[in-house]
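K.L.:
Could you have a look at this structure, given as structure tokens, before my questions?
The values are calculated or read from the model by the stated rules, or taken from the named source; none is laboratory data. Because the structure is a prediction, the values reported are computed rather than measured. Note that each Cβ is placed from the backbone with ideal geometry, even for glycine, and that neighbours are counted across all protein chains shown.
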């Protein structure tokens, strides 16, 4: 055994028992938090059902809150998939420590996000009580109430009805009056060829299937590259990972666009923004990154010797700077979208922001911006902050919360809450905490299954730190 | 299972299956002196200039002459000699403006952002890439000035108190452009010049003739290489890098706003700012390669601009090319998803209308052809890479062409029109190439085209360097 290999002693201490001792605690904690969150969500939903007078809204609100929580954690999985693909393609040093948390998040996407997608799929096929306007519209088009006249096939008349219904439902709210029947968007056609419930549900499963296949192939190759006894086979696997990863990024970009369109952007009838998937991707990246960083910092704090050595202040500064970059990107993307929609002031687009800046949402948005840009920006500029484990942990945790509130802001204002009981916000938080607990429970379980560091590539990191 | 892997094979670091040989930042066996001999002697004309220099300079200067003719005729006759009309009031002028300014972005990205990201491969290419930026911005600036029709009133673009009580329209991104581009130009020049100061001092000390010593001495501003000088130099260089970094994003974002703040279908796209920035970097790296590949061959600079540098640039081109292609996908997808009659109708016009060929041309140039770069063998082939870069430059020009040509068919068919450039459009555009290559060749002739200072820092300690800032990743 050569000297270089002898330096890899950390690998020996990475036993299942060791990992169990490290990760059992947080896993149990996640389970408890998750259960409390889910129970709270169910109780609050029940109370809401009783308290809300509107027959439709009392059914819709729990689903909308669920979507907020579910979307957040799904994005954690998708963001992790993105980082993992980039890591496999570029093989940068930054990803060696992050690899295991990212891989575990990707697996969790299937173990938690996919089963819970059934709830979202359910609301897509719930007809007139769906949270999606197109599902309701589809219902009106195809299941008219007996005794009433069949809805006019004439698109204009249909639109007039919808506009009138919107005004009736939301009262004399000028925001909704903006969505007037003279818009150039043909909603009937939109529902017929893309946003019909069956097709949208099938597409949802297709996204999971495609990503599932991708993750399966990638992780299988990763296993071969890391553990196969024949080094030639391992090397071939590592090289083929690059090509699969490149192809994967291609698929990821397109599917991420469709996911953003199908699950979130389509909550608004006429809103279209090519920047929106990019913003959503950035949030996915930030959350995936924050979860992974928190895991590393936890392991470091627990006195894991390898993490203390391999995740020193200099490495923290690098990873913290990457966080800074994603925070800046979020600001850039959001400012561009906001400014262009504001200055264009088109009736299709502007209601999106009008709804999201009125009725309290304006204050909410300003606070979200404050915690998403100026505060983390100013903090992460300083090396002293980035090199402090506690500060970096707090900033990561803060960003997780802020991104959730940002995503809630995309989703909740799609319904008018003017006359609604205001505690629906708590339902969102409960759903987020509940699903998050389940997510972290599975995540830690997955993390325990494999050595915490990719042994064969550790020398890259060790050589780097010895060099300093 | 994993615990035994290393013991079983008894391999050292070589077990990591994905690691290839460490790339070389500097080839050959150089010392502090030989770096000056190889680079500085080109600028001081101790080394004879190759024949190709004279050919490119002559061709560039001839085209520059054509530019002078075209502009003189334009100033005599007015912008009516161009093909612009209504609805296509922005013709070649805006296409070329955006194209040139986009090219400039790679220079700033290489010199500023890659410095902040500690990318060592920037070192050999940053100097001439920055020069490229400055000349490209000059070429870009020509077009809006000429398009104004009365360029002698260009100072009206600046807000200054005047008797007419006339101010720029501050809500127009065209007014923002004035500030963005002039800031960008100023910072780029300062950044470039500050980086040059220690190199000028080296030339001052190594020049064979008195006049050269005098000129380089003036330019080096009294540089003595003391520890104070170095400390302040490195500080100011880092600060300028920090200032330049946001400019990479702001300038082309504002250029994209020129289109996106309108409500013209397909122009009013929220993805435009990052889409433009990425496209700019894509075309900029293509231009860097177009310049680097011949330069290193003609001046035998393979030791400094190694295959690694070329490979890195090619990879950046591939990555940004894919991102730009995502932009094309996103535009079409969102236009269809919106089910807006005009967005989708204009998309169909763009793809299958009278100018449809230009859309497919851009898809071919920016998406199909760069796929070649996946294969390392082809990335390493100078001729292939040079050709792909030229194709990418053409593709990025077509991208702007496709955007501008949207104006021919947007909302009401009664207002539709056609657009064709005239010979004077072409003469002006080709003339700016002349301007670019004239200045660039003069730069190659009189200024060290690779930073000697930074190359020396990369040298190993035993040769008098700083081991690439003491990085353990450095070459042996």
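K.L.:
Conditions first: (1) under 23 Å from the mean Cα position of the chain (by Cα); (2) within 14 Å of another protein chain (Cβ to nearest Cβ); (3) modelled with pLDDT of 90 or more. Residue B:270 passes all but one, so which condition is the exception?
P.N.:
Of everything listed in (1) under 23 Å from the mean Cα position of the chain (by Cα); (2) within 14 Å of another protein chain (Cβ to nearest Cβ); (3) modelled with pLDDT of 90 or more, residue B:270 misses just condition (1).
K.L.:
Could you count how many residues in region A:324-333 are touching a helix residue (DSSP H, G or I) at 6+ places or on another chain (Cβ under 6 Å) and more than 9 Å from chain B (Cβ to nearest Cβ)?
P.N.:
So in region A:324-333, the residues touching a helix residue (DSSP H, G or I) at 6+ places or on another chain (Cβ under 6 Å) come out as A:324, A:326-327, A:329-330, A:333.
In the following step, the residues that additionally are more than 9 Å from chain B (Cβ to nearest Cβ) were identified as A:324, A:326-327, A:330.
Residues meeting the conditions: 4.
K.L.:
For residue B:88, work out the one condition from (1) within 30 Å of residue B:310 (Cα to Cα); (2) part of a loop (DSSP other than H, G, I, E, B) it doesn't fulfil.
P.N.:
(1)
K.L.:
Given (1) farther than 30 Å from residue B:296 by Cβ; (2) part of a loop (DSSP other than H, G, I, E, B); (3) under 17 Å from the mean Cα position of the chain (by Cα), where does residue B:124 come up short, assuming only one miss?
P.N.:
(1)
K.L.:
Also, quick follow-up: Could you check region B:45-85 and list, in sequence order, the residues that are out of contact with any helix residue (DSSP H, G or I) (no Cβ under 6 Å at 6 or more places or on another chain) and not in a helix (DSSP H, G or I)?
P.N.:
B:45, B:46, B:48, B:49, B:78, B:84, B:85
K.L.:
Name the pairs: first residue in region A:334-349 and more than 9 Å from chain B (Cβ to nearest Cβ), second residue at pLDDT 95 or above and surrounded by 15 or more Cβ atoms within 10 Å (Cβ to Cβ), Cβ to Cβ under 7 Å, at least 6 apart or on different chains?
P.N.:
Note: pairs meeting the criteria are A:334/A:279.
K.L.:
From the list B:214, B:223, B:192, pick out the single residue that is over 17 Å from residue B:443 (Cβ atoms) and surrounded by 14 or more Cβ atoms within 10 Å (Cβ to Cβ).
P.N.:
On the way: B:214 fails: surrounded by 14 or more Cβ atoms within 10 Å (Cβ to Cβ); B:192 fails: over 17 Å from residue B:443 (Cβ atoms).
Testing whether each residue is over 17 Å from residue B:443 (Cβ atoms) and surrounded by 14 or more Cβ atoms within 10 Å (Cβ to Cβ) leaves just B:223.
K.L.:
Further question on the same structure: Could you please give the count of residues in region B:319-341 that are over 24 Å from the mean Cα position of the chain (by Cα) and farther than 22 Å from residue B:91 by Cβ? Please lay out each step first, then the result.
P.N.:
To start, the set of residues in region B:319-341 that are over 24 Å from the mean Cα position of the chain (by Cα) comprises B:329-341.
Next cut, farther than 22 Å from residue B:91 by Cβ only: B:329-330, B:332-341.
Residues meeting the conditions: 12.
K.L.:
Kindly indicate the residue of region B:337-350 that is in a helix (DSSP H, G or I) and touching a residue at least 12 places away in the same chain (Cβ under 8 Å) and also nearest to the other protein chains (Cβ to nearest Cβ) among those meeting that condition. Explain how you work it out, then say what you get.
P.N.:
From region B:337-350, those in a helix (DSSP H, G or I) are B:337-338, B:341-350; that's our starting set.
With the extra rule that they be touching a residue at least 12 places away in the same chain (Cβ under 8 Å), the set shrinks to B:342-343, B:345-347, B:349-350.
Values: B:342: 6, B:343: 8, B:345: 10, B:346: 12, B:347: 12, B:349: 16, B:350: 15 Å.
Per the criteria, the residue is B:342.
K.L.:
Look at residue A:384 and say whether it is buried (at least 18 other Cβ atoms within 10 Å of the Cβ) and in a helix (DSSP H, G or I). Before you say what the answer is, go through the steps one by one.
P.N.:
Details: buried (at least 18 other Cβ atoms within 10 Å of the Cβ): no; in a helix (DSSP H, G or I): yes.
No.
K.L.:
Within region A:403-428, how many residues are free of Cβ contacts under 8 Å to residues at least 40 places away in the same chain and in contact with a helix residue (DSSP H, G or I) (Cβ under 9 Å, 6 or more places away or on another chain)? If you could, list the steps in order and put the result at the bottom.
P.N.:
Here is the first cut: in region A:403-428, the ones free of Cβ contacts under 8 Å to residues at least 40 places away in the same chain are A:422, A:425.
Those still in the list that are in contact with a helix residue (DSSP H, G or I) (Cβ under 9 Å, 6 or more places away or on another chain) too: A:425.
Counting residues in region A:403-428 that are free of Cβ contacts under 8 Å to residues at least 40 places away in the same chain and in contact with a helix residue (DSSP H, G or I) (Cβ under 9 Å, 6 or more places away or on another chain) gives 1.
K.L.:
I've got another one for you. Scan B:179, B:191 and give me the residue that is within 24 Å of the chain's Cα centre (by Cα), closer than 27 Å to residue A:343 by Cβ and modelled with pLDDT of 90 or more.
P.N.:
Working: B:191 fails: closer than 27 Å to residue A:343 by Cβ.
Every option except B:179 fails the conditions.
Residues are listed down the side, and each one gets a yes or a no for (1) surrounded by fewer than 21 Cβ atoms within 10 Å (Cβ to Cβ); (2) facing chain B (nearest Cβ under 10 Å):
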site	(1), (2)
A:263	no, no
A:270	no, yes
A:274	no, yes
A:280	no, no
A:284	no, no
A:288	no, no
A:296	no, no
A:301	yes, no
A:307	no, no
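Listed here are the residues, each with its yes/no results for (1) in contact (Cβ under 8 Å) with a residue 60 or more places away in the chain; (2) closer than 27 Å to residue B:404 by Cα.
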position	(1), (2)
B:217	no, no
B:229	no, no
B:233	no, no
B:255	yes, yes
B:259	yes, yes
B:263	no, yes
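K.L.:
If you check B:323, B:334, which single one turns out to be within 14 Å of chain A (Cβ to nearest Cβ), surrounded by 21 or more Cβ atoms within 10 Å (Cβ to Cβ) and within 21 Å of residue A:249 (Cβ to Cβ)?
P.N.:
Numbers: B:323 fails: surrounded by 21 or more Cβ atoms within 10 Å (Cβ to Cβ).
Being within 14 Å of chain A (Cβ to nearest Cβ), surrounded by 21 or more Cβ atoms within 10 Å (Cβ to Cβ) and within 21 Å of residue A:249 (Cβ to Cβ) holds for just one of B:323, B:334, which is B:334.
K.L.:
Here is a list of conditions, (1) assigned to a loop (DSSP other than H, G, I, E, B); (2) more than 26 Å from residue A:270 (Cα to Cα), and residue A:391 meets all of them except one; can you say which number that is?
P.N.:
(1)
K.L.:
Of all the residues that make up region B:143-154, how many are within 27 Å of the chain's Cα centre (by Cα) and loosely packed, with under 12 Cβ neighbours inside 10 Å? Break it down stepwise before answering.
P.N.:
Quick first cut of region B:143-154, residues within 27 Å of the chain's Cα centre (by Cα) only: B:143-148, B:151, B:154.
Keeping just the survivors that are loosely packed, with under 12 Cβ neighbours inside 10 Å gives none.
Total meeting the criteria: 0.
K.L.:
What do you reckon, is residue B:464 touching a residue at least 24 places away in the same chain (Cβ under 8 Å), over 25 Å from the mean Cα position of the chain (by Cα) and more than 14 Å from chain A (Cβ to nearest Cβ)?
P.N.:
Values: touching a residue at least 24 places away in the same chain (Cβ under 8 Å): yes; over 25 Å from the mean Cα position of the chain (by Cα): yes; more than 14 Å from chain A (Cβ to nearest Cβ): yes.
Yes; evaluated as a whole, the condition is true for this residue.
K.L.:
While we're here: If a residue has to be within 14 Å of chain B (Cβ to nearest Cβ) and surrounded by fewer than 18 Cβ atoms within 10 Å (Cβ to Cβ) to count, how many in region A:204-226 make the cut?
P.N.:
1
K.L.:
When residues of region B:256-267 are filtered for being in a loop (DSSP other than H, G, I, E, B) and either more than 7 Å from chain A (Cβ to nearest Cβ) or touching a strand residue (DSSP E or B) at 6+ places or on another chain (Cβ under 8 Å) (or both), how many remain? Walk me through how you get there before you give the answer.
P.N.:
Of all residues in region B:256-267, those in a loop (DSSP other than H, G, I, E, B) come to B:261-267.
From the residues that got through so far, the ones that are either more than 7 Å from chain A (Cβ to nearest Cβ) or touching a strand residue (DSSP E or B) at 6+ places or on another chain (Cβ under 8 Å) (or both) too are B:262, B:264-267.
The number of residues fulfilling the criteria is 5.
K.L.:
Picking from B:372, B:450, B:412, B:405, which residue would you name as being over 19 Å from residue B:293 (Cα atoms) and surrounded by 17 or more Cβ atoms within 10 Å (Cβ to Cβ)?
P.N.:
Numbers: B:372 fails: over 19 Å from residue B:293 (Cα atoms); B:450 fails: over 19 Å from residue B:293 (Cα atoms); B:412 fails: surrounded by 17 or more Cβ atoms within 10 Å (Cβ to Cβ).
Testing whether each residue is over 19 Å from residue B:293 (Cα atoms) and surrounded by 17 or more Cβ atoms within 10 Å (Cβ to Cβ) leaves just B:405.
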